[in-house]
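We did not get these values from a lab; they are worked out from the coordinates using the rules stated. Everything quoted here is computed from the prediction, not taken from an experiment. Virtual Cβ from ideal backbone geometry, glycine too; neighbours counted across all protein chains shown.
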Amino acid sequence: MRFDYEYRTSDNVRHTGTIKASSRDAAYAALKAQGVRPGSVTAAPGFLNILFGRGKRWIAIGILAFVATGLVVARVRNPPPPRPDPRAATPVPRHFVDLGDGIDLAAVFADSGERFLAYYALPGVRFEVPNAPEELSDCLKHTILIEPDDSEAAIELKRIVTGMKDDMRAYLSSDFGNVAAYVLRLEERQAMEAEYRDGVMRRLRAGLVSLEEANAILAAMGLQRAE
């Protein structure tokens, strides 16, 4: 604890100071040992001195226990958010990915909703798309993880579908959004992109644009390049 003290010298000049001691009596003794005869010794103001002053230790312990209990209860009621899984796929916009000879979507996505979204992951690419799962929105509850043995194409698909899930989440949170309308939006967008690419390819075959110009147009839309 800290104690403030004051004393006067032989020429009647007033002096003040502060000393650390375990008690007021100990402070007196320490000052006298230094040749100082204090006129007064008082506990210095401060939270700890006020809290732990003589006769107040049990009050202080009770207050600290109450505060600690409140912190524990608050943490139980409002637990900190879980740390993100470092394997979680980071979202990216839709873009064309070369799948080579193809890819087994069932091996890449365990969730049927994520597999369904994957059919619309590559802009303008036509697939034979199965019917949407009845509970398509359930896929929003899961995090897509990148596995060590995933191919580059599988990783890109997972990242694209993660971005689509973010888009779907935002769409469903709007006043007009529902699952059926979102699926229709996917279908219309995919058809529009495919028609756009077909139009660029027709212009290329007709000699209206060069291969370089055609690919620049397709790249700007994230569509498959012309060969």
Exercise. If each residue's Cβ is checked for other Cβ atoms within 10 Å, how do Lys32, Lys165 rank with the fewest at the top?
Worked result: Lys32, Lys165
Problem set entry | Counted charge near Pro91, where neighbours are those whose Cβ lies closer than 15 Å (Asp, Glu -1; Lys, Arg +1) | +1
Exercise. Between Ala44 and Tyr7, what is the FRET efficiency for a Förster distance of 22 Å, r being their Cβ-Cβ separation, to the nearest 0.05?
Worked result: 0.90
Problem set entry | Cα-Cα pairs of the range 91-163 separated by more than 17 Å (percent) | 39
Exercise. Could you give the angle, 0 to 90 degrees to the nearest 10, between helix 211-220's Cα long axis and the longest principal axis of the Cα atoms of the chain?
Worked result: 40
Exercise. Among Asp198, Asp150, what is the fewest-to-most ranking by other Cβ atoms within 10 Å?
Worked result: Asp198, Asp150
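Over the chain, what is the mean sequence separation of C-alpha contacts under 8 Å (at least six apart), divided by residue count, expressed as relative contact order in percent? All intermediate terms of the calculation are to be shown ahead of the outcome.
Values: 237 pairs, mean separation 37.7, N = 227.
17 percent.
With only Lys, Arg, Asp and Glu charged, each at its Cβ (+1 for the first two, -1 for the last two), find how big the charge dipole of the chain is about the Cα centre; round to the nearest 20 debye. Show your work: numbers first, answer last.
Values: 29 positive and 30 negative charges, 549 e Å.
With only Lys, Arg, Asp and Glu charged at Cβ, the dipole is about 2640 debye.
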For this session: Any chance you could count the Lys pairs in the chain whose alpha carbons are under 25 Å apart, treating pairs 8 or more apart or on different chains as valid?
Result: 4
For this session: Can you check how the C-alpha radius of gyration of the range 148-209 compares to 2.2 N^0.38 Å, as a plain ratio?
Result: 1.58
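Sort Ile144, Ile103 by Cβ crowding within 10 Å, fewest neighbours at the top.
Numbers: Ile144 23, Ile103 15.
The fewest-first ordering by Cβ neighbours comes to Ile103, Ile144.
Using packing as a proxy for protection, rank 87-93, 174-180, 157-163 so that the peptide with the highest average count of other Cβ atoms within 10 Å comes first. Please report the intermediate quantities before stating the final value.
Details: 87-93: 13.9, 174-180: 10.1, 157-163: 23.4.
Packing order, densest peptide first, comes out as 157-163, 87-93, 174-180.
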For this session: Under a 10 Å cutoff between Cα atoms, tell me which one of Leu105, Leu145, Leu208 has the largest fluctuation in the Gaussian network model of the chain.
Result: Leu208
For this session: Taking the dipole about the Cα centre of the chain, with the C-beta of Lys and Arg at +1 and of Asp and Glu at -1, give me whichever of Tyr182, Ala43, Phe116 is farthest to the positive side.
Result: Ala43
